[in-house]
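The values are calculated or read from the model by the stated rules, or taken from the named source; none is laboratory data. Note that the structure is a prediction, hence the values are computed from the model and not measured. Here Cβ is always computed from backbone atoms with ideal geometry, including for glycine, and neighbour counts include all displayed protein chains. Keep in mind that these areas ignore ligands, DNA and RNA; they rest on the heavy atoms of the full protein, side chains included. Shrake-Rupley method; radii C 1.70, N 1.55, O 1.52, S 1.80 Å.
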Amino acid sequence: MQTEIDPKEPIKVEKRPKKKKKNDSVVGYLLVAPALILILAISIWPVIQSFYFSLFDLQLNEPTKSEVHLDYQIDLDRYLQNFPFLVGAIDSEIDKGNSSEELTTIKSTLENLDEGIKEKPEAQENYDTINAKLDNFENIPADMKYIEIEEDVAQEFTTSVKEINADLRTINENGTLEQGDKIVGLSSALTEIVVEPNFVGFEHYKENLTDQRMWRSLWNTSVFTFISVLAELILGLAIALLINKAFLGRGLIRASILIPWAIPTAVAALMWKFLYDGQNGIVAKLFEDVGLVDRMAMLLTTDTGAMFSVIFADVWKTTPYMALLLLAGLQTISGSLYEAASIDGANKWKQFVTITLPLLKSSLLVALLFRTLDAFRVFDLIYVLTGGGPANSTETISMYAYTLMFKQTNFGEGSAISVVVFICVAIISGIFIKLLGSDLIKDGSGK
């Protein structure tokens, strides 16, 4: 018999247990985790290191500031290379009866200072070890070279040694010492034994805010970046539209326009330096003939001429790169869209504005972002072509950081400039993604 179903009675549907779905976001983070770790190790960690170094007064040409020091320390290596010889020379003068009373007092003071250095057990241990290694002409390990001392001990040592050095100079000027110059030299070396903390906090950044050279280098970088990238975008887009069409010899044209981009930047810069030469440069002569410059020498010897020269050379070299990126985007646009627009009566300019530009937005973002960041960090082209001159008129922020860190060996301030470069690059990237590429970072949720 069939069971009759009451139409008024609601039908009960048996609920089945829902299967647990994998968390897509967690899986996504796990997939990109190796890449994020690699980026952190290669890109972010050096920036963190630069920021850390920028908090210290690091100057590689000064022994007491060549490393990070958070406490008062004494360089035992240099101390033991001078102190024993100083005491020995003083003893020799005393034995000869030369200013014995003054030298005896000085020797007593030096010995008291020496005992103060060896107060801590670890200091005594390092003291004896380094002394033995110096006697055997062995290298001193870096971890044993410095010993930490109290601030009052360091200040007393510095003050006493300076007074001793002044007294020895006075005694030497009286002509009563046989080894006067040697003794004064050894005592002078002791004045640089104490290593003071070189933590300066944000002092480098405060100085940079009022440094006209830093702001000028930042302005030069901005002018170079804006003009060169804008010119490369216009020319690169025109070239990309041209070589995207089918015509005889298109493959040869595509290969030939990449030649400037394939030339190493340093080689290209040196080549342009000869072309811009004020006496024999072909390009300089051409610009003079067409009226761009009054004299050939103006290209590399005036502020405006030098900036124009580096921008022109950069546009020549990197426009093919921009064209290549934009060509890749053009080839993803279906030809049927243009056919439909043609049937609807749209002319070429209307097709370009309504079809090409909107669909090329992603490629434009990538090309502009890459070229802007690359132009903002420019170094080798200008370094070879103008060296930042004349009168720092083409010095970029990267060149300024290089000058501070490697030419002036001011590693702390140079690191601060490097952090400034990173901040500028991060701001540029954020602006591009916010204004032009928001659609690229949507998660596809439709929200």
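Taking R0 as 25 Å, what FRET efficiency do you get between GLU148 and TYR52 from their Cβ-Cβ distance, rounded to the nearest 0.05?
So, using R0 = 25 Å, E works out to roughly 0.80.
Taking the Cα centroid of region 227-242 and of region 268-322, what is the distance between the two, rounded to the nearest whole Å?
19
Name the residue, out of ILE311, ILE239, ILE90, whose mean-square fluctuation peaks in a Gaussian network model built on the chain with Cα pairs under 10 Å.
ILE90
At what distance in nm do the modelled label points of TRP349 and GLU207 sit from each other, each positioned 7 Å from its Cα along Cα→Cβ?
Placing both labels 7 Å along Cα→Cβ, they lie 5.6 nm apart.
Quick one: among VAL68, VAL87, VAL310, which has the greatest mean-square fluctuation in a GNM of the chain with alpha-carbon springs under 10 angstrom?
Of the options given, VAL87 has the highest mean-square fluctuation.
Quick one: which residues, 5 or more positions from PHE56 or on another chain, have an amide H under 5 Å from its amide H? H modelled 1.01 Å from N in the peptide plane, none for Pro or chain starts.
Sorted by chain and number, the residues that satisfy this are VAL200.
How large is the accessible surface per residue of the chain, computed with a 1.4 Å probe and reported in Å² as a whole number?
Details: 27030 Å² over 447 residues.
Per-residue accessible area for the chain comes out at 60 Å².
Determine, for each peptide in 334-346, 163-175, 51-63, the mean count of other beta carbons within 10 angstrom over its residues, then list the peptides with the highest first. Walk me through the intermediate numbers first.
Working: 334-346: 11.3, 163-175: 15.4, 51-63: 17.2.
By packing density, highest mean first, the sequence is 51-63, 163-175, 334-346.
Under 5 Å between amide H atoms, partner at least 5 residues away or on a different chain: which partners does ILE147 have, H built in plane at 1.01 Å?
Under 5 Å from the amide H of ILE147: ILE74, LEU76.
Give me the net charge of PRO260's neighbourhood, meaning all other residues with Cβ under 12 Å from the Cβ of PRO260; Lys, Arg count +1, Asp, Glu -1.
Working: positive: LYS317; negative: GLU232, ASP314.
Once positives and negatives cancel, what remains is -1.
Name the most mobile residue of LYS434, LYS350, LYS206, meaning the one with the largest mean-square fluctuation, in a Gaussian network model of the chain with Cα contacts below 10 Å.
Among LYS434, LYS350, LYS206, the largest GNM mean-square fluctuation belongs to LYS350.
Work out from phi, with θ = phi - 60° and the Karplus expression 6.51 cos²θ - 1.76 cosθ + 1.60, the ³J(HN,Hα) of each residue of region 100-114, listed in order in whole Hz, and give x for Gly and Pro.
4, 5, 5, 5, 5, 5, 5, 5, 4, 5, 4, 5, 5, 5, 4
Using +1 on the beta carbon of Lys and Arg, -1 on that of Asp and Glu, and nothing else charged, what's the dipole of region 176-230 about the Cα centre, debye to 20?
Details: 4 positive and 7 negative charges, 82 e Å.
Dipole of region 176-230, to the nearest 20 debye: 400 debye.
So what is the calculated 222 nm ellipticity per residue for the chain, using -39500 (n - 2.57) for each DSSP H run with n of 4 or more, over all residues, to the nearest 500 deg cm²/dmol? Walk me through the numbers on the way to the answer.
On the way: 22 runs with 286 residues, N = 447.
About -20500 deg cm²/dmol.
Each label point is 7 Å from the Cα along the Cα-to-Cβ direction; what then is the distance between the points at ASN136 and THR109, in nm?
With each label point 7 Å from Cα toward Cβ, the separation is 3.6 nm.
Among the listed pairs LYS120/LYS162; LYS273/LYS350; LYS107/LYS145; LYS145/LYS182, which have their C-alpha atoms separated by more than 31 angstrom in this model?
Details: LYS120/LYS162 24 Å; LYS273/LYS350 43 Å; LYS107/LYS145 24 Å; LYS145/LYS182 24 Å.
From the list (LYS120/LYS162; LYS273/LYS350; LYS107/LYS145; LYS145/LYS182), the Cα-Cα distance tops 31 Å for LYS273/LYS350.
Say R0 is 22 Å: what FRET efficiency, to the nearest 0.05, do GLU163 and ASP95 get from their beta-carbon distance?
0.35
Size of the dipole of region 33-109 about the Cα centre, Lys and Arg at +1 and Asp and Glu at -1 on the beta carbon, nothing else charged, in debye to 20? Don't jump to the answer; show the numbers that get you there.
On the way: 4 positive and 11 negative charges, 74 e Å.
Charge dipole, region 33-109, about its Cα centre: 360 debye, nearest 20.
If I fit a long axis through the Cα atoms of helix 180-190 and take the longest principal axis of the Cα atoms of the chain, what angle between them do I get, 0 to 90°, rounded to 10?
40
Calculate what fraction, in whole %, of the accessible area of region 68-224 sits on carbon and sulfur atoms when a 1.4 Å probe is rolled over the protein chains.
Details: 4030 of 8630 Å².
For region 68-224, the apolar C and S fraction of the accessible surface comes to 47 percent.
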